[in-house]
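A.B. asks: I'd like to ask some things about the structure below.
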Amino acid sequence: MNQEPYSQIPISLNRKVEIVKYCLPIVTTVIAFAGNVVLAEPNILLIIADDMGLDASRCYDVGNQQAPMPNLEAMCANGIVFDNAYAQPTCSPTRATIMTGQYGFRTGVGAPIAPDGSDDLDPDTPTLFDALAPTGYAANVIGKWHITGRDMGYDLPQQMGVPDYFGLFYGGVQDYFNWTAVEDGREVQIEGYATTVLTDRAIEWIEGQEDPWFLWLAYNAPHSPFHLPPNDLHTFDDLPVDEASVDENPLPYYQAMLEALDTEIGRLLNSMSDEERANTVVMFMGDNGTPNQVLNGLYGDHQAKATLYDSGTHVPLIVSGPGIDAGRTDAFTNTSDLTATIAGLTGAEFSSPDSYDFGPVLAGGEGSRDYIYTDHFTNRATRGGGIYGWAVREDNYRLVVPKDAPAELFDLSSDPLEQVNLLADGGTDEVIKIVADLQARRDALVATAN
């Protein structure tokens, strides 16, 4: 993609928050690991935005309705931007891939977890936190959980190796200013803006660490309900706050929520000492595509969130920190790869056939993944609001196979928004061969689960 130089991205002069600069001081204590050069025992901060596709970020040239996120833009300018990073179509499956390094057909988590726990992640599944336990790293999750339901108990994070979990247990909140969290294995009522409260908890936890640490900070923003955040967190001051206005045009409220998220990320990073920042790898990603209410026809007839199309699974991924040069990479990356990569950075022992360590990419090398696999399914009665099935991408060809509809093939090199189905007229011999190869890739992969 042609990308505007970040130094030329216009920044409002009256912005209320300063851009966080990611220019890290030179350090001398380094180790070699997996072909990458990083600081010894780096801290790792994984930040997840809830419902944020490529079209929502100025780091990517998709559409024209990106939110102002100056701290993230600075991270993109000074870190590495992944142009081919993929998640699952919805939040629970993506989070399960990160927790386990496994695809949905192995974990059984293929759609959003219901409050009653349908399609729960098996608590006996080996997790990233199990791998980190012997390393001496402090490790925690703060924010959205949503990989188990209440039927298995609110202490599931602790059972799965997360000692001090705090956050919203389910898919979202009804009110960002008054919401229910889980803390110490029980529900507690929270008054305070959710994005700010989660940031406060992250700052408090990080300040309490004496050992190297890994923090998975899972914001629920910008997930609905769309609203106007506190005025000191964004620049959309002229928006009305009544529900009718939000319903009529939710996009600016979604953008304000993202800017508020960015402001709080900047506050978190600025809370660290220079020494700690210099020893911290920061990863930022979205968990699935943008909410369909704010797309404004960007992807034609395709929606984004909860679909198998590129619009629903192609997400931002930016990594910044010590030993990481600024630039962009077209290396294929899946959210399941975060598990092996984080383990690799910490020196933990971890292995999964679905998780590829992209540490070498951070050092300017090549990636080792040559395909992208996503699936979307449920063991419950099929519900509306999503496309179920699977998709495989190799090179620039992407095969989408919905559960109850004909397969579709797209060439992303000439059709990045997937508007031209190469199978619409039956396909040429070449197209049919490509489809057969992609189908064989998926068949071989799924066969490994038996």
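A.B. asks: Which one, I324, P225, S352, is farthest towards the positive end of the dipole of the chain when Lys and Arg carry +1 and Asp and Glu -1 on their Cβ?
C.D. replies: S352
A.B. asks: What aspartates and glutamates does K403 reach when the alpha-carbon gap must be under 17 Å and sequence neighbours fewer than 8 apart in one chain are set aside?
C.D. replies: The reachable aspartates and glutamates, counting only those whose Cα sits under 17 Å from K403, are D310, D375, D443.
A.B. asks: Debye calculation, C-alpha points only, no solvent: report log10 I(q)/I(0) for the range 173-236 at q = 0.15, 0.19, 0.24 Å⁻¹, in the same order as the q values.
C.D. replies: -0.56, -0.85, -1.16
A.B. asks: Report, to two decimal places, the Cα Rg of the range 121-211 normalised by 2.2 N^0.38 Å (N = number of residues).
C.D. replies: Compared with the compact-globule rule of thumb, the range 121-211 sits at 1.10.
A.B. asks: Here's something else I'd like to know. Could you grab the relative contact order for the chain? Cα pairs under 8 Å, six or more apart, rounded to a whole percent.
C.D. replies: Dividing the mean separation by the residue count of the chain yields 23 percent.
A.B. asks: Also, quick follow-up: Output the peptides 107-113, 184-190 sorted from most to least packed, where packing is the average of other Cβ atoms within 10 Å over each peptide's residues.
C.D. replies: 107-113, 184-190
A.B. asks: Calculate what fraction, in whole %, of the accessible area of the range 388-450 sits on carbon and sulfur atoms when a 1.4 Å probe is rolled over the protein chains.
C.D. replies: C and S atoms contribute 53 percent here.
A.B. asks: How many angstrom lie between the Cα centre of the range 271-323 and the Cα centre of the range 405-438?
C.D. replies: Using only Cα atoms, the two centres lie 26 Å from each other.
A.B. asks: Could you work out the relative contact order of the range 101-198, using alpha carbon pairs under 8 angstrom and six or more residues apart, expressed as a whole percent?
C.D. replies: Worked out over the range 101-198, it gives 23 percent.
A.B. asks: I'd like the antiparallel share, as a percent to the nearest 5, of DSSP beta bridges with both residues in the chain.
C.D. replies: Close to 60 percent.
A.B. asks: In addition: Filter the GluC sites (Glu not before Pro) in the range 206-307 to those in DSSP coil with at most 15 other Cβ atoms within 10 Å of their Cβ, and list the result.
C.D. replies: Passing both the DSSP loop test and the Cβ count: E210.
A.B. asks: Right, here's the next one. Report the normalised scattering of the range 262-341 as log10 I(q)/I(0) at q = 0.12, 0.14, 0.16 Å⁻¹, calculated by the Debye formula with identical scatterers on the alpha carbons.
C.D. replies: -0.51, -0.66, -0.80
A.B. asks: Considering the Cα positions of the range 218-291, please state its Rg to one decimal place and its Dmax as a whole number of Å.
C.D. replies: 14.7, 48
A.B. asks: Express the accessible area of the chain per residue in Å², computed with a 1.4 Å probe while the remaining protein chains stay in the model.
C.D. replies: 39 Å²
A.B. asks: Now for a different question. Assuming a viscosity of 1.002 mPa s and a temperature of 20 °C, what translational diffusion coefficient in µm² per second does Stokes-Einstein assign to the range 33-145, Rh being the Kirkwood radius over Cα pairs?
C.D. replies: Translational diffusion coefficient: 128 µm²/s.
A.B. asks: While we're looking at this one, here's another question. When the label point is put 7 Å from the Cα of F177 along its Cα-to-beta-carbon vector, which residues of the range 209-246 have a backbone N closer than 16 Å?
C.D. replies: Correct set: 225-234, 237-246.
A.B. asks: Same structure again: Residue by residue, what Karplus-based ³J(HN,Hα) values in Hz, rounded to whole numbers, does the range 103-108 have, using 6.51, -1.76 and 1.60 with θ = phi - 60° and x for Gly and Pro?
C.D. replies: 5, x, 5, 8, 7, x
A.B. asks: Let me know the charge dipole size of the chain about its Cα centre in debye, to the nearest 20, where only the beta-carbon of Lys, Arg (+1) and Asp, Glu (-1) is charged.
C.D. replies: Dipole magnitude for the chain comes out near 340 debye.
A.B. asks: A follow-up question, please. Write out the chymotrypsin sites (Phe, Trp or Tyr not before Pro) in the range 287-347 meeting two conditions: DSSP loop, and at most 15 other Cβ atoms within 10 Å of their Cβ.
C.D. replies: Taking the range 287-347 and a limit of 15 other Cβ atoms within 10 Å, no loop chymotrypsin sites (Phe, Trp or Tyr not before Pro) are found.
A.B. asks: Here's another thing I want to ask about it. What percent of all Cα-Cα pairs in the range 344-450 falls into each 10 Å bin, going from 0 up to the bin containing the maximum distance?
C.D. replies: Calculated over all Cα pairs of the range 344-450, the distribution is 12, 36, 31, 18, 3, 0 percent.
The values are calculated or read from the model by the stated rules, or taken from the named source; none is laboratory data. Model, not experiment: these values are computed from the prediction. No Cβ is skipped: glycine too gets one built from the backbone with ideal geometry, and neighbour counts run over all protein chains shown. Each accessible area value is taken on the protein alone, full model and side chains, heavy atoms only, with ligands, DNA and RNA left out. Shrake-Rupley method; radii C 1.70, N 1.55, O 1.52, S 1.80 Å.
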